[in-house]
Structure formats: C-alpha cells, structure tokens
1. Just report the Cα centroid separation between segment 1-31 and segment 183-217, whole Å.
2. So what is the orientation-averaged projected area of the chain, using the convex hull of its C-alpha atoms, in nm²?
3. Treating only the Cβ of Lys, Arg, Asp and Glu as charged (+1, +1, -1, -1), what charge dipole size does the chain show about its Cα centre? Round to the nearest 20 debye.
4. Mind listing the phi-derived Karplus ³J(HN,Hα) values for segment 3-12, rounded to whole Hz, using 6.51, -1.76 and 1.60 with θ = phi - 60°, and x for any glycine or proline?
5. Calculate, in nm to one decimal, what residue 65 and residue 3 gain on full extension: separation in residues at 0.36 nm each, minus their alpha carbon distance.
6. If I take every Cα pair under 8 Å that is 6 or more residues apart in the chain, average their sequence separation and divide by the length, what percent do I get for the relative contact order?
7. Among the trypsin sites (Lys or Arg not before Pro) within segment 202-248, which fall in a DSSP loop and have no more than 11 other Cβ atoms within 10 Å of their own Cβ?
8. Using the charge dipole of the chain (Lys, Arg: +1 at Cβ; Asp, Glu: -1 at Cβ; taken about the Cα centre), state which of 234, 140, 115 has its Cα farthest towards the positive end.
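All of the numbers you see were taken from the coordinates with simple rules; none came from a lab. Treat the numbers as computed from the prediction; the structure is a model and nothing was measured. Cβ coordinates were reconstructed from backbone atoms using ideal geometry, including for glycine residues, and neighbour counts include every protein chain displayed.
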Amino acid sequence: MIDTWKLGDRSLTSRIIVGTGKYKSLDETRAALAASGAEIVTVALRRVDLSSKEPTVLDAVDRSKYILLPNTAGCYTADEAIRTLHLARELGMDELVKLEVIGDPKTLFPDNTATVEAARRLVKEGFKVLPYCSDDLITCKRLEEAGCLAVMPLAAPIGSGLGIRNPHNIRLIIENVTIPVIVDAGVGTASDAAIAMELGCAAVLMNTGIAGATHPVLMAESMRLAIDAGRKSFLAGRMPRRDYANASSPTSGLIE
C-alpha cells in the first residue's frame with residue numbers, strides 16, 4: 001500500500017518539500033530537486049528578478065513535474081506578504097502559497113501575530129496557505145482556525161542547521177491540531193529529517209540543509225532516504241524505553 005498524505009485536496013507521496021535558494025547554479029538546483037524526490041518546490045518571489053532576461057530559479061523548476069509553492073521570504077509585515085502573494089497570483093502561479101512574515105532580522109524568527117493576521121486575510125481571498133511559524137501550540141491552533149491547510153513550525157532558526165531544538169513542542173502541536181504539521185527551518189542533516197518524521201510530522205521543508213552541503217545532490221538523496229526511513233520507523237512503532245537492561249534472548253529453560 002502506498003503511503004500518502006493529504007494537503008487540502010491534493011494527495012502526495014513525497015514528504016520532503018525543498019527550497020531553491022543558495023545553489024551554485026541552475027543545473028545544480030535541477031539535479032538536487034530531482035535527487036530529493038520532492039513533489040513541492042518553494043521559491044522566494046522577492047529574491048527573483050522577474051524582469052531579468054537571463055534564466056532565473058523559476059526556470060529550474062519544471063512545472064510539469066513539481067508543484068510550485070511561492071513564498072514570502074523577506075517580508076516583514078502582513079501587508080507586504082499579502083502584496084507579494086497577489087503578485088504570484090497575477091503571474092498565474094497556484095494559489096497554494098507559503099506565508100512568511102519575519103519579526104526579527106537577526107534571528108529570522110516569525111512574527112506570529114502578523115502571520116495569523118495575514119493568514120486570515122489570505123484564506124478569505126481564496127489562497128491555500130501554509131504558514132511558517134514558531135513552535136508554539138497556541139499560534140498553530142489559531143492558524144488552523146484561520147483556515148490554513150497546514151502549519152509549518154520551525155525546528156530551529158532559518159539556515160542554522162541546528163536540528164529540532166524542541167521535539168516536545170513539535171509533538172504537542174501534532175497531537176493538538178488536525179491539519180498536517182510540516183517542520184520548516186533548521187534541518188541540517190539526514191538524522192534531523194528522520195527525527196521529524198519519527199515524531200509524526202507529515203512532511204519536512206528544507207533548503208540550506210541541502211544547498212549548503214559540500215555535495216548538495218548527494219545530500220538531497222540522503223534527505224529523501226532519511227525521510228522515508230523516519231516515516232517507516234514512525235509507522236512501525238518504536239520499542240518502549242527502559243531504565244534498565246532487558247535481555248534479548250529468553251532466560252527461561254536454560255540448561256545449567
């Protein structure tokens with residue numbers, strides 16, 4: 001049986017969503033996307049020169065293979081984020097969007113209040129919103145109430161590669177919202193991705209963890225395999241933790 005997950009009315013098989021920033025070339029971008037096995041690819045609209053006559057990162061995303069997810073990276077107010085996504089709509093992009101409203105330029109932590117405000121407005125305008133937010137249960141519940149298709153709590157600061165700093169918070173969010181939980185930001189290596197899946201996340205979004213590796217294409221493949229392993233581990237159900245040893249072999253019936 002194929003293990004799928006739902007994002008609104010879409011049924012997806014890949015549980016990795018990848019970004020398109022920081023690669024050395026468009027060819028490397030294309031190769032990493034292919035190696036990751038992703039079905040959804042996100043692009044920061046504010047970092048694309050739409051007037052350029054040279055190929056841009058949008059040219060590296062084959063729209064016949066990938067769902068393009070425009071995002072509002074670099075926006076610091078709700079109004080700015082909304083204007084950016086209106087532009088995406090005018091350019092004929094899908095109404096599935098990633099919402100980011102940054103609250104602090106040093107940490108790049110999200111402004112949760114502005115994110116909830118923007119999400120409510122965008123949902124009313126027909127957008128299908130995936131919001132980047134803190135690993136805060138109350139914020140995630142408010143985003144669910146606003147009509148978002150999923151919530152995307154950070155694992156650690158954007159681009160830090162620190163991994164999941166507070167797995168307890170992520171687990172609480174998973175247990176208390178009914179929409180998919182997609183870990184976003186902070187994944188640095190394959191084990192981080194596997195942990196996210198073992199917690200029960202629906203998917204993981206990453207960019208720097210792949211693009212910042214010494215060999216990005218190989219790391220993209222590694223992340224794909226880790227996502228698969230972590231998901232299977234979650235479905236299998238891990239053994240209980242014990243404080244003391246428990247012999248693997250039976251101790252009864254031994255010949256003395």
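1. About 12 Å separates the Cα centre of segment 1-31 from the one of segment 183-217.
2. Averaged projected hull area, Cα only: 17.3 nm².
3. The calculation lands at about 120 debye.
4. 8, 10, 9, 9, 10, x, 9, 9, 10, 10
5. Working it through step by step, the gained length comes to 20.4 nm.
6. 17
7. 238, 241, 242
8. 234
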